[in-house]
Every structure is written in structure tokens, then in C-alpha cells.
Amino acid sequence: MPEQTAVGKFMRITAALQTAGVFFQAVTAGMLLSTEYGEALHGAGARGMYAASMLYVLAAVLGWRPGGGSVRPVLYAAGMLVLASAQVVLGIAHVASVHVPLGVLMFGLSVLQLGHAVVGGRLRARNALYVRARGGPYVKET
């Protein structure tokens, strides 16, 4: 998938939204302990983060099927959506002993996805420029 396309930009934006949503959830989780409106913010943030995860799945599918890209981002995005679904169930059931560590894991994975979307796109763009200018590969894509 050429990362200079609108789909590539959409993937980077949705990856950033997902990461910001997970980070917001961490902040509001701390607010649950100290404020009376923390639960409302955490609930609203959960809906927003879940929506951002669904948008990321959509962007990954658009980059894969019509865009001709790799299926890997679809698998990663779908995995995050499954984890987000588990978070919703665990949060409603108040199973904090699993909900909190899973949230930390999700934040780490989301940062990795964001880094791959941003840096990976730059590497592919640089590779395309090099191929056009010199006629040979610069970075071999797997």
C-alpha cells in the first residue's frame, strides 16, 4: 500500500486516535479514585476508544483490499478490537485485577501500532523515492 495515499493518512490518523483513546482511559482510570465524575469520563472514553478501534479496523481493511497492502495491519487492528471488547466486559464486571493490566498491554500495543503506521509509512515512501531515483531497492519490505 502506498503510504502517501488518503488511505495511508487515514490509517495514521486512526492509529493516533486509538492510542490517544487508550491513554485517555488510563488518565480517567486514575480519576475514578479521586473524583466523583471519573466514572462518567471513563465510560465516555471507553465508547470513544472502542469507536477509534473500529475506525482503525476500517482503515486497515481499506488499505488491504482496495489499496493492495499487507493483511498484517488488519490482523493487528482486529486483535486490538478483540482486546477492547474484553476490556468492556471486564470493566462492566468490575474485574480490575485483569482490566488494569490488560489496559497497560493495550496501551503498549497501540503505541507500537502507531509507530509502525508512522515510521513504516516513511520507510516505504523513502524506498519508493530511492527506487525511482536509482532504480534499485533501498529498504526491502517484507
Pairs of Cα atoms under 8 Å, at least six residues apart: use those to get the relative contact order of the range 1-52, whole percent.
35 percent
Report the FRET efficiency, 1/(1 + (r/R0)^6), for R65 and I92, where r is their Cβ-Cβ distance and R0 is 30 Å, rounded to 0.05.
0.35
Can you tell me how the range 21-103 classifies by the Cα gyration tensor, rounded, prolate or oblate, using a/c under 1.5 as the rounded cut?
prolate
Heavy atoms of L90 accessible to a 1.4 Å probe, total area in Å² rounded to 10
40 Å²
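Which loop-located GluC sites (Glu not before Pro) does the range 3-62 contain, where loop means any DSSP state but H, G, I, E or B and the Cβ has at most 11 other Cβ atoms within 10 Å? Can you show the working numbers first?
Numbers: sites: E3, E36, E39; in loops: E3, E36.
Answer in residue order: E36.
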Measure off 7 Å from each Cα along the Cα-to-Cβ vector at R72 and S85, then give the distance between these two points in nanometres to one decimal.
2.4 nm
³J(HN,Hα) computed for each position of the range 85-100 - Karplus, 6.51 cos²θ - 1.76 cosθ + 1.60, integer Hz, glycine/proline x
5, 5, 4, 4, 4, 5, x, 5, 7, 6, 9, 5, 5, 10, 4, 5
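Mind giving me the FRET efficiency for I13 and E39? R0 is 30 Å, r the Cβ-Cβ distance, nearest 0.05 is fine. Display every interim value, and only then the final one.
Values: r = 29 Å, r/R0 = 0.96.
Plugging the Cβ-Cβ distance into 1/(1 + (r/R0)^6) gives 0.55.
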How many nm is it between the label spots at A26 and R47, if each spot is 7 Å from the Cα in line with the beta carbon?
2.5 nm
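The values are calculated or read from the model by the stated rules, or taken from the named source; none is laboratory data. Note that the structure is a prediction, hence the values are computed from the model and not measured. Glycine also receives a Cβ, built like all others from the backbone with ideal geometry; neighbour counts cover every protein chain displayed. We work out accessible area using only protein heavy atoms, side chains counted, and drop any ligands, DNA or RNA first. Shrake-Rupley method; radii C 1.70, N 1.55, O 1.52, S 1.80 Å.
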